[in-house]
Amino acid sequence: MGVDLRVDHPNAEVVGTETDESALVRLAQIQNQQAQAELIERYWPRLFRWLYQLTRDRHLAEDLAQEAFLKALANLERFQVGTNFRAWLFRIAHNSLANVQRSPSRRREVLPEEVPARKQDPSDLACSRETLAAVAAAIDRLPCDWRAALLLRVEEDLSFRQIAGVLNTTEETARWRVFKARQRLLAELEDRLELEES
Amino acid sequence: MNCNLLRQRLLESEHPDRPGAAESRHLARCVDCQAFQKRLVRLEQLLPLVPTPAVGIPPSLPSHRLLVLPRRPTDGVRRQSARHAKLALAFSLAASLTLFTLGYWAWPPPASSPPTSFAQRNYVTLRDERLRQATLPAQRMAALAHLANELLDEARQLGRYPDRLETLADHFDRLLREDLLREARQLTDQQERTSTLLSLSQQLGRTESEASRLASEWRSRHPRAARQLARIAATAAAVDLELRRLAQA
């Protein structure tokens, strides 16, 4: 969505319709609320989705996403424009998630949820609901670290280096986690994917 | 390059759909590896389609909903600011009311026997009583939505009465999946249909959220009741989705 970011702050230069992330971040850094809102609207669904897939708890995922945005907004001046804002934001969220996982008192019990919402109609890619359910179940069975890395690679299109930055690990480890996750998913879903092909 | 090496390289690649020159040469002459690559690429196309709940931006974060900013400083600025102030005031009041209501709902369920229960009544009788005065589909939907709210109110008090809660969840299921959707399909005026259904969909979104939250809270204390609340949440979510589809049809 293009956003008109014209003046609402005396120091903000008129940029007209601006979709460039660096410009948005610069404006957000000088407390331009519209730019901050645009960043939030741009990344909220993606961050929430990632956190939900790691926690399987919508309320915890929502809390963590909210906490991540509040921390990011409070520390925006420390963000180095030109580097990847999304990776930085996801890293903040991952740190919060790690804190929750470390602290038994903050850990929440999770009920399995029926999830009706979907990003796109499966018929668009001619796959069955059964296949999607099988994929979802297989993802759930992955170790959380592998799942986190794979989803950052596939859904967020982050490089292994960026994934390493988000997950606070090395590039090689990030690559390995993606490798292992793909390998296991393929092994579990081989028959189903072959059926899809036929 | 042999097949094992090729497959390892694909699995550790950032872009398995874009193999390098050496990998491409192997793929060109190996049908099994072509199939392997195809499955891997297919798998990665499916991942973004895995469903997750849709959750809106919480009011604590800046959002365009509350930030309708002027394009340039004009005389309209003051009017706009006043509008923002009113909007902010309205929002604060709504937020306070919501917090108060949630606080009230979150109060632990009473130890004594619950008051007269919808769960002890026949669903059809209950429904027909509510629909007696409502003639138009929109009115009937409003009456049913009101009943759904009352059922949820009662559900909050039934943590220690899982059997009753199960009956209540059955009522809720019939009310939403059968009666409410039937009335929704009878709305013919497009404008009325869209506004009514979207408004109802928002209510169901809140119901789902509240029921899920309570289910999580009750899971250790009242596990059977928590399962019924999770059912209520799932019903609300499914019907919410169906109403959105109908609204956009």
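Each value in this text was obtained by applying a stated rule to the coordinates, not by laboratory testing. The structure presented is a predicted model; accordingly, all values stated were derived computationally and were not measured. Using ideal geometry, Cβ is built from the backbone for each residue, glycine included, and neighbour counts are taken over all protein chains shown.
Rg and Dmax of the stretch B:139-249, both derived from C-alpha coordinates alone, stand at 14.2, 47 Å. Our summary gives the stretch B:119-249 a relative contact order of 29 percent, counting only alpha carbon pairs under 8 angstrom and 6 or more residues apart. Peptide packing for A:84-91, B:119-126, A:68-75 was compared via the average number of neighbouring C-beta atoms within 10 Å per residue; ordered from the highest value, the list is A:84-91, A:68-75, B:119-126. Computed from the alpha carbon positions, the gyration tensor of the stretch A:126-183 leads to an equivalent ellipsoid with semi-axes of 23, 11, 8 Å, biggest first. Our compactness index for the stretch B:160-209, the C-alpha radius of gyration over the empirical 2.2 N^0.38 Å, is 1.40.
Within 10 Å of the Cβ of each residue in B:231-240, the mean number of Cβ atoms contributed by other protein chains is 2.
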